[in-house]
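The values are calculated or read from the model by the stated rules, or taken from the named source; none is laboratory data. What you see is a predicted model, and the numbers here were worked out from it, not measured in a lab. Here Cβ is always computed from backbone atoms with ideal geometry, including for glycine, and neighbour counts include all displayed protein chains. SASA here: full protein model, heavy atoms, side chains in, ligands and nucleic acids out. Shrake-Rupley method; radii C 1.70, N 1.55, O 1.52, S 1.80 Å.
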Amino acid sequence: MTHLPELDGQIVLPERILPGRIAFDRRIRAVTARPDAPRRYILPGFIDGHVHGGDGADTMDGVAAIHRLSRFHLAHGTTTILPTTITRPWPDVMDALRAIADVCRTGVTDGPAIHGAHLEGPFVSPHKLGAQPPFAIAPSPDKVREAVETGIVRVVTLAPELEHAESAMQTFAEAGVRVSLGHMTADYDQAERAICTICAAGGTVGATHLFNAMSPIEGRRPGPVTALMCSDVAYAEMIFDTHHVHPATFRLASRIMGSRLLFVTDAMRGAGLPDGPSQLGGQDVTIRDGVVRLPGGSLAGSVLTLDVALRNAVESGGMSLPRAAGLVSFNAAQYLGLHDRGVLAVGRRADFVVMDERLRVQEVWVEGRRVA
Ligand SMILES: [Zn+2]
């Protein structure tokens, strides 16, 4: 057998940490125990299914910007990424989808895998825009068809109470697009019906940044969050920068949803840049102490990276490292149907993040190549 590249360290598996060695080419070929392995951790590459930007670049700016933000997040451990659009006039959104398709075709040299696009907006509620600019529209059949025909949309954020939403959910689900309920005014019943519609069409249900831009849980008004958490089939994104969701709320969701909960960054262009003024979807925002706000004070995306989200889950969320690793890799892989990655096992892609004992990124590997 020819000599394969190897990595030694504390291998983070779904249920435990194994001191050992991984041999690989583009795929993992062997995982073996090795009691004297160094103390650094080896984790599966991270997967970010909702990310607008970073390092000054935004998906909506086009091809060069998508390359730039992808490389930025790669350096923080993200080896699979879904560049995410924002609510803008429809021609701008279509331009962004075509740019993502271009980058997907060519790939990003020494960058992460581009799995496709997350279409966040414009099919959202004008009453739950959060930081989305005011260009929300109903998911009319012609626009839904136009989006699906790009072949690049893997996830769509959709408010199920909108006109045409039912047929839109069916069309997206039948095309294999994950339908992520969010930026919505839907109540418990509407959310539950939407989950049924998507499942009946053979689709996969998600939720866009659970708890944010949707009604909360109340005793007499369970809201969409309860429908999603109790459904047994719905996945949910969470922005765990500890500003969008309290650590206790994270623990509650995690306890109920288990591996159906996944972390995303929802990062905007200011991620990785110093505090100060920035832009989101053409709106002025301010970044201070890791929090992004619109002039009115509401949260406007994040400057989170997945390595920080992982540390937050361990340090603020009280989670074990194997379970925290699942939130940034395995759970998202399951949601997105990426069964070739997300766990360190023989036959899977050789996508690795090597971290020191304080969970700081030391090395990133994509398909067996060290890229950061
Ligand atoms: Zn977003």
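So here's what we get for this one:
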| item | result |
| --- | --- |
| Strands (runs of 3 or more DSSP E) (entirely within segment 1-112) containing at least 2 residues that are of a type outside the set (Phe, Trp, Tyr), within 16 Å of the ligand (Cβ to nearest atom) and open to solvent by less than 30 Å² (accessible area, probe 1.4 Å) | 46-51, 78-83 |
| Subset of segment 170-181 that is in a helix (DSSP H, G or I) and under 24 Å from Leu261 (Cα atoms) - its residue that is most open to solvent (accessible area, probe 1.4 Å) | Glu174 |
| Filtered residues of segment 206-254 (kept if open to solvent by less than 40 Å² (accessible area, probe 1.4 Å), among the hydrophobic types (A, V, I, L, M, F, W, C) and not in a loop (DSSP other than H, G, I, E, B)) | Ala207, Val225, Ala227, Leu228, Met229, Ala236, Met238, Ile239, Phe250, Ala253 |
| Test set (1) away from the ligand (no atom under 15 Å from the Cβ); (2) within 20 Å of the chain's Cα centre (by Cα) - Gly297 fails condition number | (2) |
| Given (1) open to solvent by 10 Å² or more (accessible area, probe 1.4 Å); (2) farther than 19 Å from Arg98 by Cβ; (3) under 22 Å from the mean Cα position of the chain (by Cα); (4) of a type in the set (Gly, Ala, Ser), index of the condition Ser167 fails | (3) |
| Test result for Pro122, under 20 Å from the mean Cα position of the chain (by Cα), open to solvent by less than 20 Å² (accessible area, probe 1.4 Å), modelled with pLDDT of 95 or more and closer than 24 Å to Val364 by Cβ | no |
| Residue that is farthest from His73 (Cα to Cα) [pool: residues in segment 258-286 that are in a strand (DSSP E or B), open to solvent by less than 10 Å² (accessible area, probe 1.4 Å) and within 16 Å of the ligand (Cβ to nearest atom)] | Val285 |
| Test: residue in segment 314-329 that is surrounded by fewer than 24 Cβ atoms within 10 Å (Cβ to Cβ), assigned to a helix (DSSP H, G or I), more than 16 Å from the ligand (Cβ to nearest atom) and of a type in the set (Val, Ile, Thr) | yes |
| Tabulated pairs, segment 200-213, first among the polar types (S, T, N, Q), second within 16 Å of the ligand (Cβ to nearest atom) and open to solvent by 20 Å² or more (accessible area, probe 1.4 Å), C-beta under 6 angstrom, 6+ apart or interchain | Thr204/Arg178; Asn212/His244 |
| Residues of segment 132-164 satisfying the condition of being within 16 Å of the ligand (Cβ to nearest atom) and surrounded by 24 or more Cβ atoms within 10 Å (Cβ to Cβ) | Gln132, Val153, Val155, Val156, Thr157, Leu158, Ala159 |
